[in-house]
Amino acid sequence: MTHGTRRAALVGTLVGTTLLVAGCAEDSPSTLAPAGPRSEFTATAWWILFGVAAAVCVLVIAAAVLAPLLRRRARRVSSGEKTGTVVVLGIVLPSLVFAGTFALGLVGLQGDTVPPEDPAAVITITGQQWWWQAEYADGEGEPTGAVTANEIHVPVGEPVRLRLSSSRVIHSFWVPELMPKIDLLPGRVNETWLVAEEPGTYRGQCAEYCGIQHANMGFHVVAEPREEYDAWLARQSEDAAEPTTEEERLGYQVVTTSTCATCHTVRGTPAQGEVGPDLTHLASREWLAAGTVRNDRGHLAGWVSNSQTIKPGNVMPPQDLSPEELRAVVTYLESLE
Ligand SMILES: [Cu+2]
């Protein structure tokens, strides 16, 4: 190797490792930045496993490097001693490491998966193709009437109970900063819970391959102070706002009398479809289509006219609307605060 290539290799390695390490930065969502008690164990377990793996790695590399020296020594020791070394390093030590890490996993699995008795809310989450429906009940399990999609609000510092199920295939609900993964199974309800100790927005993701748009099946958990949460829930429980302008009325007309109504619910109107997300308070959401694009006028118009260009293969077909109708529909949807 020439001096030049050696230097290029060194610089390349340095830049490469820097980029790799930068990839580990604690960007949301990171399992290593726990924001609640249910995710702390995962972070701790990760560090323990990382430490164990690093120690084993160092040992093995050291053994390989020292092999020539050990070989010279090995000529002088008895075969009994050799067998002893093989048993200790090859069987006893690995067994201890495996048993230890297995026990760690068992502790984590069994630890605090039982939901607390007095939750602030009971949220029923149903995995759909490819979005999440969230229905809110109060702490006693009485439905509040609030139904939303892909944006789950919770009060800071209070446990929230989750009941998870799926409409068709298996999904997995995962909020790296707040809780480990849990599967959503058709025809079965899995119960779990979470607490967000810090206010903020935490990104979640479907973690079980469920079809073509699995990658775009994200969601957000918004943790906010109690008063804000109460205000949010009260509004989400109400029926949709009445259209007030001429354009909003035309949009209302289209949404409630065209195909939209066969798939979407707008509470308080004739639109009572159950295939797609409840649109009653669509304008209050930050994102569209399970975290795929921002909820602004441009994306909303693009989504309504042909969502297949934004999320190919999703269940909503392109809509044949005139420019006036499209404008009116978007204006109406934007009024659904
Ligand atoms: Cu999925």
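The values are calculated or read from the model by the stated rules, or taken from the named source; none is laboratory data. All of these numbers come straight from a predicted model, not from anything done at the bench. Cβ coordinates were reconstructed from backbone atoms using ideal geometry, including for glycine residues, and neighbour counts include every protein chain displayed. To get the accessible areas, we keep the full protein, side chains included, count just its heavy atoms, and leave off ligands, DNA and RNA. Shrake-Rupley method; radii C 1.70, N 1.55, O 1.52, S 1.80 Å.
Suppose the filter is of a type in the set (A, V, I, L, M, F, W, C), more than 27 Å from G145 (Cβ to Cβ) and open to solvent by less than 30 Å² (accessible area, probe 1.4 Å); does V293 pass it? Spelling it out, V293 is indeed of a type in the set (A, V, I, L, M, F, W, C), more than 27 Å from G145 (Cβ to Cβ) and open to solvent by less than 30 Å² (accessible area, probe 1.4 Å). Condition test on A223, is it in a loop (DSSP other than H, G, I, E, B), touching a Leu at 6+ places or on another chain (Cβ under 9 Å) and either over 25 Å from E334 (Cβ atoms) or open to solvent by 30 Å² or more (accessible area, probe 1.4 Å) (or both)? When the stated conditions are applied, A223 does not pass them. Could you go through the range 195-213 and let me know if any residue there is within 29 Å of T256 (Cβ to Cβ) and either in contact with a Ser or Thr (Cβ under 9 Å, 6 or more places away or on another chain) or not hydroxyl-bearing (S, T, Y) (or both). Checked against the condition, which is being within 29 Å of T256 (Cβ to Cβ) and either in contact with a Ser or Thr (Cβ under 9 Å, 6 or more places away or on another chain) or not hydroxyl-bearing (S, T, Y) (or both), the range 195-213 yields at least one hit. Pairing residues of the range 288-310 that are closer than 17 Å to M217 by Cβ with residues that are aliphatic (A, V, I, L, M) and assigned to a helix (DSSP H, G or I), at Cβ distances under 7 Å and at least 6 apart in sequence or on separate chains, gives L288/L300.
Every test in (1) away from the ligand (no atom under 16 Å from the Cβ); (2) open to solvent by 10 Å² or more (accessible area, probe 1.4 Å); (3) modelled with pLDDT under 95; (4) not β-branched (V, I, T) is passed by P199 save one, and that test is (3).
Of everything in the range 119-155 that's without any contact (Cβ under 8 Å) to a residue 24 or more places away in the chain and either closer than 20 Å to E224 by Cα or within 16 Å of the ligand (Cβ to nearest atom) (or both), which residue is surrounded by the most Cβ atoms within 10 Å (Cβ to Cβ)? Give the steps one after another, and end with the answer.
Initial filter on the range 119-155 (without any contact (Cβ under 8 Å) to a residue 24 or more places away in the chain): 134-135, 137-143.
Filter once more, so that each one left must be either closer than 20 Å to E224 by Cα or within 16 Å of the ligand (Cβ to nearest atom) (or both): 134-135, 137-139.
Details: A134: 21, E135: 17, A137: 18, D138: 13, G139: 15.
For the range 119-155, the residue satisfying everything is A134.
With respect to the conditions (1) without any contact (Cβ under 8 Å) to a residue 40 or more places away in the chain; (2) open to solvent by 50 Å² or more (accessible area, probe 1.4 Å), I48 falls short on a single one, namely (1).
Looking at this structure, is E158 closer than 22 Å to Q110 by Cα, more than 16 Å from the ligand (Cβ to nearest atom) and either open to solvent by 10 Å² or more (accessible area, probe 1.4 Å) or of a type in the set (D, E) (or both)? Considered against the rule, which asks whether it is closer than 22 Å to Q110 by Cα, more than 16 Å from the ligand (Cβ to nearest atom) and either open to solvent by 10 Å² or more (accessible area, probe 1.4 Å) or of a type in the set (D, E) (or both), E158 comes out as yes.
Across the range 184-223, the number of residues qualifying as hydroxyl-bearing (S, T, Y) and under 24 Å from N295 (Cβ atoms) comes to 2. The number of residues in the range 101-111 being surrounded by 13 or more Cβ atoms within 10 Å (Cβ to Cβ) and out of contact with any Phe, Trp or Tyr (no Cβ under 8 Å at 6 or more places or on another chain) comes to 2.
Given the criteria more than 16 Å from the ligand (Cβ to nearest atom) and either surrounded by 15 or more Cβ atoms within 10 Å (Cβ to Cβ) or at positive phi (or both), does I91 qualify?
no
If you check T201, T280, T256 for being touching a strand residue (DSSP E or B) at 6+ places or on another chain (Cβ under 8 Å) and either closer than 18 Å to T144 by Cβ or not in a strand (DSSP E or B) (or both), only one passes: T280.
Taking the listed residues V92, V77, the one that is in a loop (DSSP other than H, G, I, E, B) and over 23 Å from the mean Cα position of the chain (by Cα) is V77, with no other qualifying.
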